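The values are calculated or read from the model by the stated rules, or taken from the named source; none is laboratory data. Just so it is clear, the structure is predicted and the values come from calculations on it, not from any experiment. Cβ placement follows ideal geometry from the backbone for every residue including glycine, while neighbour counts extend to all protein chains displayed. Just the protein is used for accessible areas: all its heavy atoms, side chains included, with ligands, DNA and RNA removed. Shrake-Rupley method; radii C 1.70, N 1.55, O 1.52, S 1.80 Å.
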Amino acid sequence: MAQPGWYPDPGGQQGMFRYWDGSAWTHQLSPDPASGAPGTETPGTGTPGTAARGARGSGKGAPGKGMPGWDGRNPATIWALLAGVVVLALIAVFALPQLFGGTPSPTANSSVPRPTVSAWDETSAPTPSPTPTPSRTPTPSPTPTPTPTPTPTPTRPRETSLPCPRYDTAVVAGRLYGGGLSVPVIRDSRWTVNAVRSIPWAVCATGLQRQIAPMWVSEVILAGIQPRSLTGSLRQQAEAIAEDSIERFYPISQGRMVPKTSKAIRLDGLDAWELRYQVRVDYLDDITGDDVNVVVVQHSDRSRSALLTFVTIGDTGTGRQVAGSRNGVRVEKR
């Protein structure tokens, strides 16, 4: 089925184009098909459009009623009518075959306006004027994603950040200093100052100790924690120190831990963790082990300190002395 559009008038009117509505020829004629499809009328409804108004009231090549100058008795009029019939016959011979698949006319009239679409051919639908392709909206350039600022890696404190006392200055005004902490010295000649302690995880370690039996002592230890030994939370740090103390201060596989309490505390306004447990042994006569207390303190400069006390189980006198020193612990300025 041919597509709707303007095509040369199959009725033979020179310079005129008739509108094909897709199924039948309409009564609409226009000398200017470039104006497009009729916009003011619906094809086939009989409502005149702007382009077809001049063709209303006349049939295909036949004069209308009351046409001026018509006189059937005038010979000149009759000859004019015959000449019109001849012209229509010539148009039917040369124009209609071109419209309906016949041999095209060998000459073209350059004075006749050319249609905006190809002549209709029953074997193929005519191609209406192409619809202009809308211009593409340019795609906006993507906004670059800002590069996130990397989170700085926390800097561990340097080992030299803790003030280590000299051997002869570990005790000042009755207090023992070491690792960022201080405790009162125990006023008993059986207690001695061990100003330098060698513990792998510790820095600036000092201590007090009392001999209880051969190969057995009670102790108070102050120490800073080496930056390379810092680990996890304060609780995890205290548990790591407790495990190390069993392996380091007791014969291999001869100490058994019996947990007692584990809790968060505050020490001079700083966060700390206190861990209490017993270490049980069975390789000495009359000695069953130690009551052990570990306190880990978090300093504002991200360094940590530790206080450890060891008291022989059942030795109440030594226990009171150690408790007095431990309860007097203070955090010292850096």
Inset, instruction - Report, ordered by the first and then the second residue, all pairs with beta carbons closer than 6 Å, sequence separation of six or more or different chains, a first member in the stretch 297-322 that is over 15 Å from I199 (Cβ atoms), and a second member that is open to solvent by 10 Å² or more (accessible area, probe 1.4 Å) and among the basic types (K, R). - result: Q298/R304
Inset, instruction - Report yes if some residue within the stretch 237-246 is in contact with a Ser or Thr (Cβ under 6 Å, 6 or more places away or on another chain) and hydrophobic (A, V, I, L, M, F, W, C); otherwise report no. - result: yes
Legend entry - Count of residues meeting criterion [open to solvent by less than 50 Å² (accessible area, probe 1.4 Å), closer than 25 Å to G328 by Cβ and under 48 Å from the mean Cα position of the chain (by Cα)] in the stretch 234-261: 5
Inset, instruction - Please name all residue pairs, on different chains or six or more residues apart, with Cβ atoms under 9 Å, provided the first residue is in the stretch 210-234 and is free of Cβ contacts under 8 Å to residues at least 60 places away in the same chain and the second residue is open to solvent by 30 Å² or more (accessible area, probe 1.4 Å) and among the β-branched types (V, I, T). - result: Q211/T192; Q211/V217
Inset, instruction - Would you check which residues across the stretch 300-334 are under 15 Å from A238 (Cα atoms) and not hydrophobic (A, V, I, L, M, F, W, C) and list them? - result: S303, R304, S305, T309
Inset, instruction - Being closer than 19 Å to S218 by Cβ and out of contact with any Ser or Thr (no Cβ under 6 Å at 6 or more places or on another chain) is the filter here, so list the residues in the stretch 258-279 that pass it. - result: V258, K260, E274, Y277, Q278, V279
Inset, instruction - Just name the residue that is surrounded by the most Cβ atoms within 10 Å (Cβ to Cβ) out of those in the stretch 8-36 that are touching a Leu at 6+ places or on another chain (Cβ under 9 Å) and in a loop (DSSP other than H, G, I, E, B). - result: D9
Inset, instruction - Identify all residues within the stretch 165-182 that are surrounded by 19 or more Cβ atoms within 10 Å (Cβ to Cβ) and either in a loop (DSSP other than H, G, I, E, B) or modelled with pLDDT under 90 (or both); write none if there are none. - result: P165, A170, G179, G180
Legend entry - In the stretch 298-330, residue most open to solvent (accessible area, probe 1.4 Å) [restricted to those that are part of a strand (DSSP E or B) and closer than 24 Å to D188 by Cα]: R330
Legend entry - Residue list for the stretch 197-228, restricted to those being touching a helix residue (DSSP H, G or I) at 6+ places or on another chain (Cβ under 8 Å) and part of a helix (DSSP H, G or I): P227
